[in-house]
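See structure below.
Every number in this text was worked out from the coordinates using simple rules, so none of it is lab data. Everything numeric here is computed off the predicted structure, so don't read it as measured data. For neighbour counting, all protein chains shown are included, and Cβ atoms are generated from backbone atoms with ideal geometry for every residue, glycine included.
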Amino acid sequence: MNGFLNILKPPGMSSAAVVATVKRLTGEKRIGHAGTLDPEAAGVLPIMLGQATRLFDYLSDKEKCYIAECAFGAETDTQDAQGTVTASGDNYPTREEIQRAAAQFVGEICQRPGIYSAVKQHGKPLYKLARAGVEAQAPLRQIRIEEITLGQETPGHGVMLTVRCGRGTYIRSLCEDIGRACGCPAHMRFLLRAQSGAFDLSTAITLQEAEQDAGRGQLAERLLPMDYPLRHYTPLALPRRLWSMAEHGSKIPMDGIPLEDAQRSAGILRVYCGEAFAGLAEIEEGILRWRIVAQRENA
């Protein structure tokens, strides 16, 4: 099985546990996830299978979309509902005040993740240091938030937020920062990752659906092809007659193969032989040199 399963991870389950479950269902030894999701969060978790595991460094995960519930009235040490309350207050903001506060965090900003984050210090994740009682603080990091949209208000002084952002953004920290900007302590009560790069909720399946499909021998039909998350690379079509060279990773002289300006300057190219995905390659001094080669079964 070569490709991607877009799993809708349930809350309360680690990303590693999802990988282990899919490994059991598929019997595939080469498997991994493309981007960790916190255990208490739900949302899309792309699972790489077979040759797709070799594509990890080429995936684009810059575009993220999260749906979160920001709850006002308390801060916690973990910045979410599972932590211990460290500050409380009842100066609950109006919707207009929340909107103004959220607007301050749109664009290129500096964010300091909480101590219960995966950011590493001296090679160790901060959350491990925090649980061991070691004092630590995450460094400020530059992130980009494209948009924060307010949704419906929720019981217990909460409001739903849709956040479109780049990689490295901590939504728990954002909720706390919005609360401080409003003058009222806040934490994240719920989190759903709705998009991670090319993967979104439209192609996601639950683990229960994966179990059912595996039982019917139909799980392979759920696979997204290897080139599915590679659309950010410029495509290049080679003649079908070159497939044998492509599948063996042979260098291919580009003499006589017409190229557009975008293809000449693109760097890494998404290459096809006929309509079949052949892999990723670069053109150097008139020679096509392969980065990743796809198996012939994709033809």
Query - Listed residue (F72, G249, L288) projecting farthest to the positive dipole end of the chain, Cβ model - result: G249
Query raised in the report: Share of Cα-Cα pairs in the range 132-231 beyond 21 Å, in percent?
Result: 55
**Report entry** Of [x] 30, 24, 21; [y] 42, 22, 17; [z] 31, 28, 16, the label for semi-axes √(5λ) of the Cα gyration tensor in Å derived from the coordinates
**Finding:** [y]
Query raised in the report: Hey, how much of the P(r) for the range 3-110 falls beyond 17 Å, as a percent of Cα pairs?
Result: 67
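Excluding I98 itself, calculate the net charge of residues whose Cβ lies under 13 Å from the Cβ of I98, where each Lys or Arg counts +1 and each Asp or Glu counts -1.
Result for the neighbourhood of I98: -2.
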Report task. Give me V106, V85, V293 ranked fewest to most by other Cβ atoms within 10 Å of their Cβ, as a rough exposure proxy. Result -> V85, V106, V293
Query raised in the report: Ranked by Cβ crowding within 10 angstrom, fewest neighbours first, how are T234, T86, T169 ordered?
Result: T86, T234, T169
Query raised in the report: Got a sec? How would E211, E97, E275, E247 order by Cβ neighbour count within 10 Å, fewest to most?
Result: E275, E211, E97, E247
Query raised in the report: Pairing the Cα long axis of helix 171-182 with the longest principal axis of the chain, what angle in degrees results, from 0 to 90 and rounded to the nearest 10?
Result: 40
Query - Charged-residue dipole, Cβ positions (Lys, Arg, Asp, Glu), the chain about Cα centre, Debye nearest 20 - result: 840
Requested in this report: Mind computing the radius of gyration and Dmax over the alpha-carbon atoms of the range 203-281? Å is fine for both.
Outcome: 16.9, 51
Query raised in the report: Put a dot 7 Å past each Cα toward the Cβ at T149 and I257; how far apart are the dots in nm?
Result: 4.2
Query raised in the report: From the backbone phi of the range 98-114, what are the Karplus-calculated ³J(HN,Hα) couplings (6.51 cos²θ - 1.76 cosθ + 1.60, θ = phi - 60°) in whole Hz, Gly and Pro given as x?
Result: 5, 4, 5, 5, 4, 4, 5, 9, 8, x, 7, 9, 9, 10, 10, x, x
Report summary line: Ignoring trypsin sites (Lys or Arg not before Pro) buried by more than 13 other Cβ within 10 Å or outside DSSP loops, the longest site-free run in the chain is 63-215
